[in-house]
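J.: Below you'll find the structure I mean.
The values are calculated or read from the model by the stated rules, or taken from the named source; none is laboratory data. Just so you know, these numbers come straight off a predicted model, no measurement behind them. As a convention, Cβ positions derive from the backbone with ideal geometry for all residues, glycine included, and neighbour counts pool all protein chains shown. Heads up: the accessible areas ignore ligands, DNA and RNA and are worked out on the full protein's heavy atoms, side chains in. Shrake-Rupley method; radii C 1.70, N 1.55, O 1.52, S 1.80 Å.
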Amino acid sequence: MSTTTKTKHKPSGLFTTVGSEWTKIWSLGTSRILLLVAVGLAALAAALFVLTSAVTTGTDIAKRDVFDVVSTSLLGSDAAALTLMVMAAMTIGSEYSTGMIRVTLTASPKRSQFLAAKAIVIAVVTYVVGVVAAFVAYGVGQLILLSQGLDIASVADPRILRLILGSAIMAPLYGLIAVAFGIVFRSTAGGILAALVALVIPSIVGWVGEAGNSIMPYLPGEALHNVAGLTAATSPYAINPGVSAIVLVAWVLVVLGIGQSLLAKRDA
């Protein structure tokens, strides 16, 4: 009498799934290129904004506070964040467009685990590259000041370091929004569009005037400004940075929750 032994497939754990998600990103040539492009754009945009600041602000760079010059140069970090947002959207959009999502969810049937792993990888990669881009943008701005014989801002200044590290949060914030809505719309374009909408919402609310003052601090963009120290203490949008950090985490959890809900309810 023969005995047949059935081998059950053991679902991969979170650590293994995180490794798989990292491999996916690094194996895509487009992703690697966009990571480099993000840093390059940060440098170019920083140089452009600082060199043209006399025209855009109406004040010569020599008469501006060094903190203001750093914040201007860190607009280069924003350019990098937008590039990383596109990369993040592509990581999920490409899975739907190629049908790879079915293979992924077969290997990791726990859909919450799959999304958690992707979110972890995207958050870490985009923040690390975002920090590099922010320091590059800061460095470009300081080189321009040095070339003109002007005082520079040191990262030993807590305000400057907070500004650099805080500005880099833009990359994972909008990157994770792009991932969540890439799942909602099952496409790269849908993820990018949703993240861009989230990016411009504060500007739209700002048009409302005083009526929007109570809302603004709790929108992603303004909460990010509070964390980075860009919001003046006298601004009606200023709230405790710790509260702003909680607001940002809440936004990320909400959008990922939306993505997870749809991922769990419908076929990939």
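J.: Return the calculated 222 nm mean residue ellipticity for the chain, to the nearest 500 deg cm²/dmol, obtained by summing -39500 (n - 2.57) across DSSP H runs with n ≥ 4 and dividing by the residue count. Provide the component values of the computation, followed by the final result.
T.: On the way: 12 runs with 198 residues, N = 268.
Result for the chain, helices only: -24500 deg cm²/dmol.
J.: Run the dipole for the chain about the Cα centre, Lys and Arg Cβ at +1, Asp and Glu Cβ at -1, nothing else charged, and hand back the magnitude in debye, nearest 20.
T.: Details: 16 positive and 11 negative charges, 303 e Å.
Dipole magnitude for the chain comes out near 1460 debye.
J.: Run the count for the chain, please: Lys pairs, Cα-Cα under 28 angstrom, 8 or more apart or on different chains.
T.: Lysine pairs meeting the criterion: 15.
J.: Another question, then. Quote the relative contact order of the chain in percent (integer), defining contacts as alpha-carbon pairs under 8 Å separated by 6+ residues. List each step's numbers first, then the result.
T.: Numbers: 385 pairs, mean separation 57.2, N = 268.
Reported as a whole number, the value is 21 percent.
J.: Keeping the other protein chains in place, figure out the carbon and sulfur percent of the accessible area of region 34-144, with a 1.4 Å probe. All intermediate terms of the calculation are to be shown ahead of the outcome.
T.: Details: 3230 of 4450 Å².
So the carbon and sulfur contribution to the accessible surface is 73 percent.
J.: Another question about this same structure. Mind jotting down the distance between the C-alpha centroids of region 47-119 and region 173-215, whole Å?
T.: 13
J.: Which stretch or stretches of region 182-221 have amide N atoms under 19 Å from the point lying 7 Å from S261's Cα along the Cα→Cβ direction?
T.: 182-187, 191, 194-195, 198, 220
J.: Taking Rg/Rh (Cα atoms, Kirkwood Rh) as the quantity of interest, determine which of (1) 0.92; (2) 1.07; (3) 0.99 was computed from the displayed structure.
T.: Entry (2).
J.: What distance in nm separates the two pseudo spin-label positions at L44 and L146, each 7 Å out from Cα along the beta-carbon direction?
T.: Here the answer is 2.4 nm between the modelled labels.
J.: Calculate, for the chain, the solvent-accessible area per residue in square angstrom, rolling a 1.4 angstrom probe over the heavy atoms of the protein chains. Please report the intermediate quantities before stating the final value.
T.: Values: 13380 Å² over 268 residues.
Here the residues of the chain average 50 Å² of exposed surface.
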